[in-house]
1. Just for the Cα atoms in the stretch 15-85, what are the lengths along the principal axes, largest first, rounded to whole Å?
2. Per DSSP helix of 4 or more residues, -39500 (n - 2.57); summed, then divided by the residues of the chain. What does that give at 222 nm, rounded to the nearest 500?
3. Add +1 for every Lys or Arg and -1 for every Asp or Glu among the other residues with Cβ under 13 Å from the Cβ of residue 13, and state the total.
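Taken together, the values in this text are just the output of simple stated rules run on the coordinates, not laboratory data. Bear in mind the structure is a predicted one, so any value in this text is a computation, not a measurement. A quick note on method: Cβ atoms are made from the backbone with ideal geometry, for glycine too, and the neighbour counts reach across all protein chains shown.
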Amino acid sequence: MGEPPGIIAGFEFDDANVAHMALHGLEPNMVWDVWADEPILVPRTGRSGTHLMIGQESSGRVWSIAVLLVDDELDIWRPITGWPSTRKEERTWRGRS
């Protein structure tokens, strides 16, 4: 695994976003796994999660996690929701430079 991306220093979790993520089979430890394995950030215009963080978690599955920057000084992001990546999202992640 490489170094985590510099523009995400941490995540904001609370009961609401943890419960919503759980509906999609996503847990906070999986968000950290994706973060630690060199994900890409893809902008999403017009969505509450302004970016998709796409990367692989420790089981080998590639996830797309909608995130929102909540503290631009500390680079803290809030995961909104997530899902196993679509084929297109996974191709985007695999094609990263």
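1. Principal extents (Cα only, largest first): 31, 26, 23 Å.
2. Details: 3 runs with 25 residues, N = 97.
The per-residue figure over the chain is -7000 deg cm²/dmol.
3. Its environment carries a net charge of -3.
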